[in-house]
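The values are calculated or read from the model by the stated rules, or taken from the named source; none is laboratory data. Please read these numbers as outputs of a predicted model, since none were measured by experiment. Cβ atoms come from the backbone with ideal geometry, glycine included; neighbour counts cover every protein chain shown.
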Amino acid sequence: MEKRTYFVSVQDGMISQSSDASPWEFEIKATDDDIIILREYFDQMHSEDWVNFFRSHVPAVEYHYDSSNDKLDELRKDIYSMLYRLGTEETKTFISENGLADMNSAD
């Protein structure tokens, strides 16, 4: 499949082919299948955010004992690993220098 350039904002869960559409953090080269997977990660992260929002109102559960927070952490690692794999050199450099992905699983 043909790879195209996309601009991604992890914070907003946004993927765009236009660099002017909205603010973005990372530039990647991806196939349609890659974008479907990345979109699914963002959708899962959005759902987990809601779970965490409701859970945060239950003070008896500490963060480090909360499996929904663990799921969110794993999703972020998966997203950054995928962005590293698909990213431009600038994207890869930023992700590796900031320790945002497990570099062994990203390649």
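Taking the conditions (1) aliphatic (A, V, I, L, M); (2) under 15 Å from residue 85 (Cα atoms); (3) under 12 Å from the mean Cα position of the chain (by Cα) in turn, residue 30 satisfies each one other than (3). Just a yes or no: is a residue in region 66-77 exposed (fewer than 13 other Cβ atoms within 10 Å of the Cβ), modelled with pLDDT of 90 or more and within 19 Å of residue 15 (Cβ to Cβ)? Looking through region 66-77, none of the residues is exposed (fewer than 13 other Cβ atoms within 10 Å of the Cβ), modelled with pLDDT of 90 or more and within 19 Å of residue 15 (Cβ to Cβ).
The single residue among 95, 37 that is in contact with a Leu (Cβ under 7 Å, 6 or more places away or on another chain), at pLDDT 95 or above and either in a loop (DSSP other than H, G, I, E, B) or surrounded by 12 or more Cβ atoms within 10 Å (Cβ to Cβ) (or both) turns out to be 95. Filter region 1-21 for residues that are among the hydrophobic types (A, V, I, L, M, F, W, C) and part of a loop (DSSP other than H, G, I, E, B); which is surrounded by the most Cβ atoms within 10 Å (Cβ to Cβ)? The qualifying residue surrounded by the most Cβ atoms within 10 Å (Cβ to Cβ) is 10.
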